[in-house]
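Since every read-out is calculated from the coordinates, none of them should be taken as a lab result. Quantities reported herein were computed from a predicted structural model and do not represent experimental measurements. No Cβ is skipped: glycine too gets one built from the backbone with ideal geometry, and neighbour counts run over all protein chains shown.
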Amino acid sequence: MKKTFAMLLALSMIFALTLSVPASAADTLTMATSPDFPPFEELQSDGSVVGIEVDLLNMICDKLGMELKIEQMDFDSVLPGVQAGKYDVGVSGISVTEKRQKNVLFTEPYCLAAQAIVVNTGSDITGKADLDKKKIAVQTGTTAESFCMENGYKVSSFQANSDAEMALVTGKVDAWVIDDLTAAEMVKAYNKDHPDALTILDEAMTTEPYAFAFAFGSEDLVAKINEIQAELIKDGTVAGLFEKFDAPYTSPISE
Ligand code: ARG
């Protein structure tokens with residue numbers, strides 16, 4: 001009898017211990033990202049994701065007392081996943097557009113970017129005006145894709161940026177339109193092994209602000225993040241993150 005009691009006691013103690021593990025769900029911010037976008041988010045060989053936006057979100061989470069969890073996917077799944085409530089925030093060098101604002105709630109932008117035109121060195125394309133009737137590679141679901149389609153260019157879409165780049169170097173397309181800082185990183189990496197193979201043209205296609213995307217209903221959290229982010233822009237922390245990743249910073253706030 002005594003033995004049974006002792007056993008029951010031990011069992012109930014084990015049970016209580018299991019229950020006392022804190023449920024962290026409420027303190028976790030799950031970010032959806034396509035980590036093929038250096039210097040903003042890039043997959044490392046050990047499976048981790050690093051970049052300016054990962055650092056920035058980690059800083060914001062620290063101030064909120066939350067823990068950042070990263071979920072990887074193709075770019076065109078990021079915004080639908082956030083909208084459906086599968087993830088808390090979309091973080092993927094996402095440009096704010098009027099169309100997207102109908103489906104998700106954006107934070108204030110933290111930087112400005114542009115769409116760059118990349119060509120094979122020596123191409124007869126030297127600016128936007130030469131792109132008519134040329135075939136352009138873009139990433140599926142991006143503003144590069146919608147801009148080029150809306151403006152009547154011939155477009156080839158690829159799930160991964162690396163495949164769009166491959167289409168250009170193998171001559172399947174004439175140009176590749178992609179965000180400027182990512183273009184700079186990817187072209188630098190490619191040209192390291194293939195000197196001077198790719199050229200980024202001076203003329204950009206568009207200018208766009210980057211922000212983080214939440215589902216409607218997250219207004220309170222977004223307001224808090226905007227406050228923290230404004231401080232991090234003002235005190236130079238955000239500019240410092242760009243410097244850390246060797247990228248030029250364009251503030252969205254005009255002085
Ligand atoms: N800024 C562009 C857009 O919002 C491209 C973003 C692509 N991001 C990525 N992680 N591949 O559509």
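Just so you know, the Cα atoms of the chain work out to an Rg and Dmax of 22.5, 92 Å. Note on N191 and E71: the extension gain reaches 40.2 nm, defined as 0.36 nm multiplied by sequence separation minus the Cα-Cα distance. The chymotrypsin sites (Phe, Trp or Tyr not before Pro) found in the range 162-255 that occupy coil by DSSP, while having at most 13 further C-beta atoms within 10 Å, are F216. Placing a label point 7 Å from the Cα of S146 along the Cα-to-Cβ direction, the residues of the range 165-181 whose backbone N falls under 19 Å from that point are 177-180.
Near the amide H of F158, within less than 5 Å, lie the amide hydrogens of V138, Q139, T140, all on another chain or at least 5 residues away, with H placed in the peptide plane. Taking each residue as 0.36 nm, the span from T206 to A223 lengthens on full extension beyond its C-alpha to C-alpha distance by 3.3 nm. Taking 0.36 nm per residue of separation and subtracting the current Cα-Cα distance, fully stretching the chain between A84 and T170 would add 27.2 nm.
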